[in-house]
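The values are calculated or read from the model by the stated rules, or taken from the named source; none is laboratory data. Keep in mind it's a predicted model, so treat the numbers as computed, not measured. Using ideal geometry, Cβ is built from the backbone for each residue, glycine included, and neighbour counts are taken over all protein chains shown.
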Amino acid sequence: MTASNPLLQDFDLPPYSAIRPEHVEPAISQILADNRGAIARLLESQPLETQHAAPDWAGLVLALDELNARLGRAWGPVSHLNAVCNSPELRAAYEACLPKLSEYWTEIGQNKPLFEAYAALAVSPESAGFDDGQKTLLAHALRDFRLSGIDLPEAEQQRYGAIQMQLSELTSRFSNQLLDATQAWTKHITDESALAGLPDSARAQMAQAAQAKELDGWLISLEFPSYYAVMTYADDRALREELYAAYCTRASDQGPNAGQFDNGPLMEQILDLRQELARLLGFAHYSELSLASKMAESTEQVLHFLRDLALRSKPFAASDLQELQAYATTQGCSELNSWDVGYFSEKLRQQRYSISQEQVRAWFPIDKVLSGLFAIVEKLYGIQIVELKGFDSWHPDVRLFEINEHGQHVGRFFFDLYARANKRGGAWMDGARDKRRAADGQLISPVANLVCNFTPAVNGQPALLTHDEVTTLFHEFGHGLHHLLTRVEHAGVSGINGVAWDAVELPSQFMENWCWEPEGLALISGHFESGEPLPQDLLEKMLEAKNFQSGLMMARQLEFSLFDFELHATHGDGRSVLQVIESIRDEVAVMRPPAYNRFANGFAHIFAGGYAAGYYSYKWAEVLSADAFSKFEEEGVLNPETGRAFREAILARGGSLAPMLLFVDFRGREPSIDALLRHSGLVEEVA
Ligand SMILES: [Zn+2]
């Protein structure tokens, strides 16, 4: 098996097409066993017992990097395929490995001799010559040993391990049930009049989805492009309501598939276990544990930050809603419901600015957007991006690009851009391989996977993006650049590794700004037939419409952030998940969804992703990203000097220094909230 198992080979890029579910478990088991042996030998060879000699960097940190890299080389492609090409067989193989991996990581986190070796290295004579990155890496390592229960008595250490193992299974099940619930519901339409209001692109995509299942007519699904099109454009109010109900009850005890994929019990178990974990480690609750590795200093600081923003934005949200209701009334809708908001917002936007998301699509064909995006970052950061051909892939739509600088290879990234069946929803960047200097001196270059769920190409036309989709692409590309343009060569703090989670959205939200700048738009837009740039009047309308209903948007994001943070801070006080979200809505929301809404059951960010008691990170980092961008507003949005300065201060240094230090280094002062409020239109106009 070893000889023929592609996951055990030494490859440059993963041999995706050769990976089979039956390769997964044997490869992971083999690597875990090998690594355990190697760690034991490594510790034996470390001169821990003598007073004079301390472990050295290469013998300890680099040796462990090597073991982690081998594990990551096998597990990375498996977990990636599980997300983008899910199948029952792969899912079973993936899940079979989760407890083994959880056990392995707990074992490392609680390995006393290993901890002592790190502690000794941190105060060794060699450490006097360490750079910032090395020092930070060691400090993080020692912190993470503590957060893994290194100081606990044995029985509690075992309980810690059992909790982690259960959590990894439960969060994976949460994600699976959400995917299954999303796939389980479709609506077959045979009478085109039901689709009145929908743009041609959406109809074409729905017809394509029907054909793929050998049906005539159109197939509406809960995949985002389909859901979004109906909620934004369908004149048929009953259809909108039906789709809304199906979408916001996914994986719950409500709606058309009530109880079939219910994440409710899982959520309670996940919250119980997180709470227990936090207490075990000496924290008051899980939100406090979450902050132990973040930029924010205390739960009070986070709550104050969110509540202050809520207070400032609520009047804007209320007047946005009033305006929308007034407009809807003129259109014969006297009572605005959740399934009307997107629809009338779009109509009002069209009336006021004569511009629609759909109309601008024609100016954002994928290749133009990509070439413009690349031109912007090439100018700002002094890099070159070229497309590579002839590589192994998991789907024919996938593309591969290389970044070069002064003719030198920097890194590569895969794009997997379009929504399809058996692919997890949303958009994300995953650091597939870390930049690092190996013990033998070889420099390993980074690789990133960028995944989105855009509307696919239909009717032989190129894929045409909405401006929202363009913004998402820029966002994920910002994460990608953070991972790829690092100059740090220590794996633990290179790229996005070791970056405090509430600072990690800085480079991503920062990149979104170029989607709104005339100079940026000129580069990323061009009509897919005529090639003509976005007309000036359309551009002006887009800019005018930028902060259309930004108060409502802000209120919604604050609702999610406060809900997540409160939930993890107060779990166990007798309130249910629903009661917590209701109390947050009392505080910040200006509109209530129907009682059957089960938003939390699909909130994968906090129940299956890394954002537990950390969803506030988006807003927290937006203060940083907006303020960082304001320097470009002052000095020119395509100013290469400002771009280089941002790259060297923030992108290049990854997790090697505390985020506040990096920010101050770039901006010359601590961050201020003013730019965020101004960019979001949340300041009173002064005449
Ligand atoms: Zn992000």
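Numbers at a glance
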read-out	value
Unique residue being surrounded by fewer than 15 Cβ atoms within 10 Å (Cβ to Cβ), over 24 Å from the mean Cα position of the chain (by Cα) and under 25 Å from Leu71 (Cα atoms) when the list is Gly390, Gly441, Gly407, Gly460	Gly441
Evaluation of Gly460 against (1) farther than 25 Å from Ala626 by Cα; (2) within 14 Å of the ligand (Cβ to nearest atom); (3) not acidic (Asp, Glu) (one fails), failing number	(2)
Every pair of residues 6+ apart whose Cβ atoms lie under 9 Å, when the first sits in segment 495-510 and is closer than 15 Å to Lys435 by Cβ while the second is within 11 Å of the ligand (Cβ to nearest atom) and part of a loop (DSSP other than H, G, I, E, B)	Ile496/Val504
Residue among Val637, Val664, Val623 that is closer than 24 Å to Ala139 by Cα, of a type outside the set (Phe, Trp, Tyr) and modelled with pLDDT of 95 or more	Val664
Qualifying helices (runs of 4 or more DSSP H) (wholly inside segment 537-621; at least 3 residues being more than 22 Å from Leu311 (Cα to Cα) and more than 16 Å from the ligand (Cβ to nearest atom))	none
Test: residue in segment 499-515 that is out of contact with any strand residue (DSSP E or B) (no Cβ under 7 Å at 6 or more places or on another chain) and away from the ligand (no atom under 16 Å from the Cβ)	no
Any pair with Cβ under 9 angstrom, 6 or more apart, that starts in segment 338-352 at a residue that is modelled with pLDDT under 95 and hydrophobic (A, V, I, L, M, F, W, C) and ends at one that is crowded, with 20+ Cβ neighbours inside 10 Å and not in a helix (DSSP H, G or I)	none
Residue within segment 186-193 that is in contact with an Asp or Glu (Cβ under 7 Å, 6 or more places away or on another chain) and surrounded by fewer than 18 Cβ atoms within 10 Å (Cβ to Cβ) present	yes
Which numbered condition Glu378 fails, given (1) part of a helix (DSSP H, G or I); (2) of a type outside the set (Lys, Arg); (3) within 19 Å of Gly551 (Cβ to Cβ)	(3)
One residue from Gly426, Gly480 being in contact (Cβ under 8 Å) with a residue 12 or more places away in the chain, within 16 Å of the ligand (Cβ to nearest atom) and farther than 30 Å from Trp218 by Cα	Gly480
Residues located in segment 551-586, provided they are surrounded by fewer than 20 Cβ atoms within 10 Å (Cβ to Cβ), out of contact with any helix residue (DSSP H, G or I) (no Cβ under 7 Å at 6 or more places or on another chain) and more than 15 Å from Asp272 (Cα to Cα)	Met553, Arg556, Leu578, Gln579, Glu582, Ser583, Asp586
Helices (runs of 4 or more DSSP H) wholly inside segment 630-687 that include at least 1 residues being β-branched (Val, Ile, Thr)	640-646, 659-667
Number of positions in segment 483-498 that are of a type outside the set (Val, Ile, Thr) and either under 22 Å from Tyr615 (Cβ atoms) or within 12 Å of the ligand (Cβ to nearest atom) (or both)	3
Among residues of segment 279-295, those that are surrounded by 21 or more Cβ atoms within 10 Å (Cβ to Cβ) and among the small types (Gly, Ala, Ser), counted	2
Flag if Gln211 is free of Cβ contacts under 8 Å to residues at least 60 places away in the same chain and part of a helix (DSSP H, G or I)	yes
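Matching residues to (1) surrounded by fewer than 19 Cβ atoms within 10 Å (Cβ to Cβ); (2) among the aliphatic types (A, V, I, L, M); (3) free of Cβ contacts under 8 Å to residues at least 24 places away in the same chain:
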site	(1), (2), (3)
Arg237	yes, no, no
Arg240	no, no, no
Tyr244	no, no, no
Thr249	no, no, no
Asp253	yes, no, no
Met267	no, yes, no
Leu277	no, yes, no
